[in-house]
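Asker: Mind looking over this structure? Questions follow.
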Amino acid sequence: MIIEPRTRGFICITSHPDGCEQNILNQINYIKSKDPVEKAKKVLVIGASTGFGMASRITSAFGSKAATIGVFFEKPPSEGRTASSGWYNTAAFEKEAHKEGLYAKSINGDAFSNEIKEKTIDLIKADLGQIDLLIYSLASPVRTHPKTGKRYKSTLKPIGDTFTNKTVDFHSGEVKEISIEPASGDDIENTITVMGGEDWQMWVNALKESGLLSEDFKTVAYSYIGPKLTEPVYRKGTIGRAKDDLEQTAFTITDSLKDVNGKAYVSVNKALVTQSSSAIPVIPLYISLLYKIMKAKGLQEGCIEQIYRLFDERLYETIVPTDAEGRIRIDDWEMREDVQAEVAELWKQATTENLLEIGDLEGYRDEFFNLFGFNFDEVDYDKDANEMVEIPGLV
């Protein structure tokens, strides 16, 4: 079938298997061009099919020759209907991993559930024995709690006051004002339940109780802080409370890992175009301006560059460099004073009429469509594509 991008708001409801494969190949080739990391050997990635999670799996496999298991929740294809991009990403990753003789298997299902935890534990026991690295990169808006069966939904709201600021519709390029009403009722608690640290800790506890954590085991969850511009709706909003909880959980997990000399870290990563960030008002405009500046300064990184730097320069150092709150800061280039000062100045100027000139809206759009396998020069989108792609290592 001929597959074209079809968007609904901040998501694309189609994805291109050949384009997704190209996206994965580009990331693999980047890792192969760098010095080997040669640290992690048996890696579990929760939320492994897109963004930072997929970049972590690629870096582990092709940078460290690690055996990897990926857990995710993706839609498979059906005749005449494409799979979600994460499905095609994983199929491409496993195809390349298996070509090179690397162990790679995947589990598709609700990572919050006890069923998927048990299935993953059984697979590790059967195939790997133990793991030495767990990457936690879930980005789900809803969670059914495994103990109570109650369904929780996260919200993206400021706390205390209505938040009003600029944003951009990245499809049309229209810069406009947006107002977001403050959290009420159980919004904060629900968001913490979905996006906080409880499930990360549940995974570690379940793996530990099954004897699956190696000596010197490490686990990393991903977070974001961002600039003053986005603070009210992000870091000081409902999501920020969830991130606070996630970061505190790292200390609790580390305490529980003393018998294996294990450590838990939160890595604060830079702002990037992901399916999650595209949904956050204000962030698309901020990223458009940020990209313009970081590209001009030679500082721009995507997911794969960020994760390679995390693995190569931070995570496996004898003393892992962290900030005063114990977080690894891979957002250091984004948060440089000169970068943020220039973003703040451009933010004041940004209008519908000048954004294409002062920002990198085209770069934002390209990266958005790249997430779904579109806008790659190497792919002929006029050709028939086979939507019925299987994941070779799906368990």
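Asker: With a sphere of radius 14 Å drawn around the Cβ of ILE116, what net charge do the other residues whose Cβ falls strictly inside it have (Lys, Arg +1; Asp, Glu -1)? Write down the numbers at each step before the final one.
Answerer: On the way: positive: LYS105, LYS117, LYS119, ARG143; negative: GLU74, ASP110, GLU115, GLU118, ASP122, ASP199.
Net local charge, ILE116 excluded: -2.
Asker: Sticking with this one: Going by C-beta contacts inside 10 Å, put VAL389, VAL220 in order with the fewest on the left. Present the calculation step by step, with values, prior to reporting the outcome.
Answerer: Working: VAL389 21, VAL220 25.
Starting with the residue having the fewest Cβ neighbours, the order is VAL389, VAL220.
Asker: Something else: Would you calculate a helix-derived [θ] at 222 nm for the chain, using -39,500 (n - 2.57) for each DSSP H run of n ≥ 4 and dividing by the full residue count, to the nearest 500? Working shown, then result.
Answerer: Values: 12 runs with 148 residues, N = 395.
Calculated mean residue ellipticity at 222 nm is -11500 deg cm²/dmol.
Asker: Here's a follow-up. Compute the length gained on full extension between THR318 and LYS153: take 0.36 nm times their separation in residues and subtract their Cα-Cα distance, giving the result in nm to one decimal. Present the calculation step by step, with values, prior to reporting the outcome.
Answerer: Numbers: separation 165, 0.36 × 165 = 59.40 nm, distance 3.95 nm.
Between THR318 and LYS153, full extension yields an extra 55.4 nm.
Asker: Above 14 angstrom, tally the Cα pairs of segment 125-182 and express them as a % of all pairs, no decimals.
Answerer: On the way: 1261 of 1653 pairs.
Tail of the P(r) past 14 Å holds 76 percent of the pairs.
Asker: What is segment 1-96's relative contact order, in percent, from Cα pairs under 8 angstrom and six or more apart in sequence? Don't skip to the answer; put the middle values down first.
Answerer: Details: 142 pairs, mean separation 30.5, N = 96.
Relative CO of segment 1-96 lands at 32 percent.
Asker: Of the beta bridges DSSP finds with both residues in segment 7-370, what % are antiparallel, to the nearest 5?
Answerer: Within segment 7-370, antiparallel bridges account for around 30 percent of the total.
Asker: Same structure again: In what sequence, highest mean first, do 187-198, 120-131, 311-322 appear when ranked by Cβ atoms within 10 angstrom?
Answerer: Numbers: 187-198: 21.4, 120-131: 16.9, 311-322: 14.1.
Taking the mean over residues of other Cβ atoms within 10 Å, the ranking is 187-198, 120-131, 311-322.
Asker: Taking every pair of Cα atoms in the chain, average 1/r, invert it to obtain the Kirkwood radius, and report Rg/Rh to two decimals.
Answerer: Values: Rg = 20.3 Å, Rh = 21.5 Å.
For the chain, the value is 0.95.
Asker: A follow-up question, please. Show me the ranking of peptides 342-351, 92-101 by mean Cβ neighbours inside 10 Å, starting with the highest.
Answerer: Values: 342-351: 15.2, 92-101: 18.1.
Result, highest mean Cβ count within 10 Å first: 92-101, 342-351.
Asker: May I pose another question? Which distance in nm do the two modelled labels at ASP366 and ILE13 give, with both placed 7 Å along the Cα-to-Cβ direction?
Answerer: In this crude label model, ASP366 to ILE13 measures out at 2.8 nm.
Asker: Now a separate question. What is the distance, in nm, between label points placed 7 Å from the Cα along the Cα-to-Cβ direction at ASN386 and at ASN354?
Answerer: Going from the ASN386 label point to the ASN354 one covers 5.2 nm.
Asker: Normalised by the residues of segment 7-370, what does the relative contact order come to in percent, with Cα pairs under 8 Å and at least six apart?
Answerer: About 17 percent, as a whole number.
Asker: Within the chain, which DSSP H helices have Cα atoms that stretch 15 Å or more along the helix axis and a mean Kyte-Doolittle hydropathy of at least -1.0? Could you put the intermediate results ahead of the total?
Answerer: Numbers: long enough: 17-33 (24 Å, -0.75); 51-64 (19 Å, 0.49); 85-99 (21 Å, -1.16); 114-127 (20 Å, -0.77); 198-209 (16 Å, -0.96); 238-256 (27 Å, -0.56); 283-296 (19 Å, 1.13); 337-349 (19 Å, -0.77).
Helix filter hits for the chain: 17-33, 51-64, 114-127, 198-209, 238-256, 283-296, 337-349.
Asker: What is the fewest-to-most order of MET294, MET1, MET335 by other Cβ atoms lying within 10 Å of their Cβ? All intermediate terms of the calculation are to be shown ahead of the outcome.
Answerer: Numbers: MET294 22, MET1 12, MET335 15.
Sorted ascending by nearby Cβ count, the order is MET1, MET335, MET294.
No lab work stands behind these numbers, since they all come straight from the coordinates. As the structure is a prediction and not an experimental result, all values here were calculated from the model. Reconstructed Cβ throughout: ideal geometry from the backbone, glycine too, with neighbour counts over all protein chains shown.
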